[in-house]
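Novice: Before anything else, here's the structure in question.
The values are calculated or read from the model by the stated rules, or taken from the named source; none is laboratory data. Not measured: the values here are computed from a predicted model. With ideal geometry, Cβ positions are generated from the backbone for all residues, glycine too; neighbour counts draw on all protein chains shown. What goes into the accessible areas is simple: the full protein's heavy atoms, side chains included, and nothing from ligands, DNA or RNA. Shrake-Rupley method; radii C 1.70, N 1.55, O 1.52, S 1.80 Å.
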Amino acid sequence: QVQLVESGGGLVQAGGSLRLSCIASGSIFSINAMGWYRQAPGKQRELVAVITRGGSTNYADSVKGRFTISRDNAKKSVFLQMNSLKPEDTAVYYCNARGRSRWYANEDDYWGQGTQVTVSS
């Protein structure tokens, strides 16, 4: 069983910053990509940013230049530095990891429970 635990969400004024953290634990053989998704009320979950094990990154157009994703492979952690936050960034942010629980297992997607980010105008 793989668990992802997020932290760092909260309430911030527009223009402010927050840093989200996510730590993976449990039965993990390997982790490939890790990323952050978000879901605003009444909207579908969307990709915010993803980072491969080798450090290649990809961002949603709406957050480019404002958000930075990073990871610590040794600590099985991924981070999202969010600057210049806007009210439209308000959502529940979910950590995602794609990996294997055993060497013989297929890759699977694992999700955290989500952390609320609220940006006031």
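Novice: When you scan the range 79-114, how many residues do you find that are hydrophobic (A, V, I, L, M, F, W, C), under 14 Å from LEU18 (Cα atoms) and open to solvent by less than 40 Å² (accessible area, probe 1.4 Å)?
Specialist: So the answer is 5.
Novice: Quick one: how many residues across the range 78-121 are part of a strand (DSSP E or B) and of a type in the set (Ser, Thr, Tyr)? If you could, list the steps in order and put the result at the bottom.
Specialist: Quick first cut of the range 78-121, residues part of a strand (DSSP E or B) only: 78-82, 91-100, 108-111, 115-120.
Cutting the leftovers down to of a type in the set (Ser, Thr, Tyr) gives us 93-94, 110, 115, 118, 120.
Total satisfying the criteria: 6.
Novice: Now a separate question. Answer with yes or no whether LYS76 is open to solvent by 80 Å² or more (accessible area, probe 1.4 Å), under 15 Å from the mean Cα position of the chain (by Cα) and of a type outside the set (A, V, I, L, M, F, W, C). Spell out how you get there, then give the answer.
Specialist: Working: open to solvent by 80 Å² or more (accessible area, probe 1.4 Å): no; under 15 Å from the mean Cα position of the chain (by Cα): yes; of a type outside the set (A, V, I, L, M, F, W, C): yes.
The answer is no for LYS76.
Novice: Right, something else. Report yes if LEU20 is within 15 Å of GLN116 (Cβ to Cβ) and at pLDDT 95 or above, otherwise no.
Specialist: For LEU20, the condition - within 15 Å of GLN116 (Cβ to Cβ) and at pLDDT 95 or above - is met.
Novice: Whether any residue in the range 95-111 is more than 15 Å from the chain's Cα centre (by Cα) and closer than 23 Å to GLN13 by Cβ is what I want to check.
Specialist: no
Novice: Mind counting the residues in the range 35-57 that are closer than 22 Å to ARG100 by Cα, in contact with a Leu (Cβ under 9 Å, 6 or more places away or on another chain) and not aromatic (Phe, Trp, Tyr)?
Specialist: 2
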